[in-house]
Every structure is written in C-alpha cells, then in structure tokens.
Amino acid sequence: MCELSGASHDADALAMSVRDAYHLRNRVVHQGFRISGAQARRTFEAVNFVLRASWLATICTPEPFDASNWIEHFSTITESLLPSLARATGRLVLYRAVEGREDPLTYPFALARHQDTFIVTIPPGISEPVAAALTVITNDSFDYTSRPYPHLSVSATAKRFLVAGLIDTEAAAITRAVYFAFAALCREREGFNVEAASDHMLMGLRGTFRQLGHTFDTEDTRFKMIAASMASYLLRGSAFAKQAFVNGLQTKHGPVLQRALDFEKILAVLDPDAPHSMCDAFRLIHGTTMWLDSVVVTCPTERATYGTRRWEFDRA
C-alpha cells in the first residue's frame, strides 16, 4: 500500500475531488451535454489538483496480502495460493455473477492484473480448489512472458508486409496456451488440483460449443488458437472429462477437435523440470501449420529463431 508523503489529504479526498469531473465527462461523451465555462474551469481545477498531488513522493508501507474478499466468498483459501502468487503485497478481488444471471458461459473464469491487484472473474458453482489452481496457473502464464522462455513471435519480414495484428494475436494466444500447459504441470506437483481445474474448463468449453450454430473452418484465424487452448486443458484433464469433451464436439466440430487432440500429443513433450522443453512443443506445433516464416519460434536459451530453418539471433 502506498501513501502520499507530505499530503494533508487522503485517497478518498482525491477521488471525491474528481467525481464531478467524471460525471460531466460521462454526460458529454454519452449524452452530448454541453458544459459551461464555469463548469469547465471547475473541472480543470479538480483534475489539476489531483495531478499536483501525484507529483508528491510516495511512501510504500508493507501490508499482508489481502485475501479477505476470497475468503468471504469461499469461506476458505488454499494454503499455498498466496505464496504462489509471488507478491509480498497486494489483494485478491473476485467478480461474481449477479443473481438471475448465473450462466457459467456468460461468466467464464478469467484473471486480470492491475499493479498489485489480482482481479478474478469466477462463474457460479466453481469450487475453491479449482479457482485457486486456475488463478495460480493463469498468473504463471502471465509471468512467463517476462522470462527468457521460448515463445512464438511474428518475424520482422511479416510485420513489414502483412497485417501483423492477426498473426500477432495468433502467436500470443498459442504461446499462452503452451505456457498454461507448462504451468499446470509445475503446479500439479505442488498439490494444486489441476485435474479438477482442467475438467472445469473442458466442461465450460463443451457447453459453449454445444450452443454454437456454426463451427470453425481450418482457414479461420481462430482455428489454431481455439485448438491450442483446448489442448492445454485436455493435457491434464481426467479420462472421464476428456471423453465427454470428445463426445460433445466430434459430430459438429470434428476438425477443431482433431487439431486439439493433435496439439495435446505435442504438449506431452513438456517437462516441468526443463522450461526449454517448451521450445520443442512450439517447434512441433509450428510444423503442423502454414505459417512458414511469418511466425517463428523464438528461443532465448539457444539465442535462435526457428521457422523453416534455424537462424541465430546475431545473424537474423
């Protein structure tokens, strides 16, 4: 928790000072409201006051990780959850479905981070061990992006000549799926209920696909991303959940299901004791696609990239 050094006001006072500014902003943007000169001046002064306060030095005071919101909802907390988040300070905040809108397909599990706040969106009926496992694994997959781990990236040539946004999204999504699978293997050894968490995600996906009126063609830009995400859950799911998933998708969604099963076999090369094993997974996935050299496997361990061939960083 941080406090402003030398300030005679607290955070609530700062927030209240710009409340009217927010209100006016919303009326202007959403309702076409025109403000007067006096209103504009007051708004400017309020915002300027907050900006001046932000120039003050901050004092960070150590606080225990705040999980009260989590405990309030679940009445318990997995003992190893907080240490596994690798933060000395921070808090967990849960977003829950409101009564009358309890469709788990509308409220899938999700994790977002803002500074030291972990914002967890939970569907109704999810158990605490499952929520804890998904929180830790998803957080790990975020953290892996800042480590020197193998990953997929868009080549410099593709960025010059292609609409990079689409393949950037695809490379990032498949990278996250492999990271999720690797993190699941690591956390399973620490006692987190990864199987139940994987089953929960497979059940949600199966329900979603049962409601779809269409399927995904192999040329659809989402095809490989969806397949990789499915594979990351299939890897550690129970035999029962995996069979139910296959039974639920094979009739209408056979192609994407088959690609997910192919990717699951590829993810079997992952070794929780060897992060570099992710390079093998990425290279095998790369070999099943038509990326050629638009998307490459970047391996910081070997200081090389792999597309249709290998290039060292210094010569790329």
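Would you list the strands (runs of 3 or more DSSP E) that sit entirely within region 228-316 and hold 1 or more residues that are exposed (fewer than 13 other Cβ atoms within 10 Å of the Cβ) and either over 25 Å from the mean Cα position of the chain (by Cα) or not assigned by TED's automatic domain parsing to the domain that holds ALA172 (or both)?
Filter on region 228-316 gives 310-312.
Residue-by-condition table, conditions (1) under 18 Å from ASP143 (Cβ atoms); (2) in the same structural domain as THR208 (by TED's automatic domain parsing); (3) at pLDDT below 75; (4) in contact with a strand residue (DSSP E or B) (Cβ under 8 Å, 6 or more places away or on another chain):
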{"position": "PRO83", "(1), (2), (3), (4)": "yes, yes, no, no"}
{"position": "LEU92", "(1), (2), (3), (4)": "yes, yes, no, yes"}
{"position": "TYR95", "(1), (2), (3), (4)": "no, yes, no, yes"}
{"position": "VAL98", "(1), (2), (3), (4)": "no, yes, yes, no"}
{"position": "PRO104", "(1), (2), (3), (4)": "no, yes, yes, no"}
{"position": "ALA112", "(1), (2), (3), (4)": "yes, yes, no, yes"}
{"position": "GLN115", "(1), (2), (3), (4)": "yes, yes, no, no"}
{"position": "VAL120", "(1), (2), (3), (4)": "yes, yes, no, yes"}
{"position": "PRO124", "(1), (2), (3), (4)": "no, yes, no, yes"}
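Let's see how each residue does on (1) within 24 Å of ASP168 (Cα to Cα); (2) touching a Lys or Arg at 6+ places or on another chain (Cβ under 9 Å):
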site: THR215; (1), (2): yes, yes
site: GLU219; (1), (2): yes, no
site: LYS224; (1), (2): yes, yes
site: LEU235; (1), (2): no, no
site: PHE240; (1), (2): no, no
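Among ALA197, ALA132, ALA156, ALA183, which is surrounded by fewer than 21 Cβ atoms within 10 Å (Cβ to Cβ) and among the aliphatic types (A, V, I, L, M)?
Within the list ALA197, ALA132, ALA156, ALA183, the selection yields ALA156.
Which one of the conditions (1) modelled with pLDDT under 95; (2) under 28 Å from GLU128 (Cα atoms); (3) not small (Gly, Ala, Ser) does ARG236 fail to meet, given that it meets all the rest?
Looking at each condition in turn, ARG236 falls short on (1).
Looking only at region 187-199, decide whether some residue is among the aromatic types (Phe, Trp, Tyr) and assigned to a helix (DSSP H, G or I).
So far as region 187-199 goes, no, none of its residues is among the aromatic types (Phe, Trp, Tyr) and assigned to a helix (DSSP H, G or I).
The values are calculated or read from the model by the stated rules, or taken from the named source; none is laboratory data. In this text the structure is predicted, and so the values were computed from the model without any measurement. Quick reminder, even Gly has a Cβ in these numbers, built from the backbone with ideal geometry, and neighbours come from all protein chains shown.
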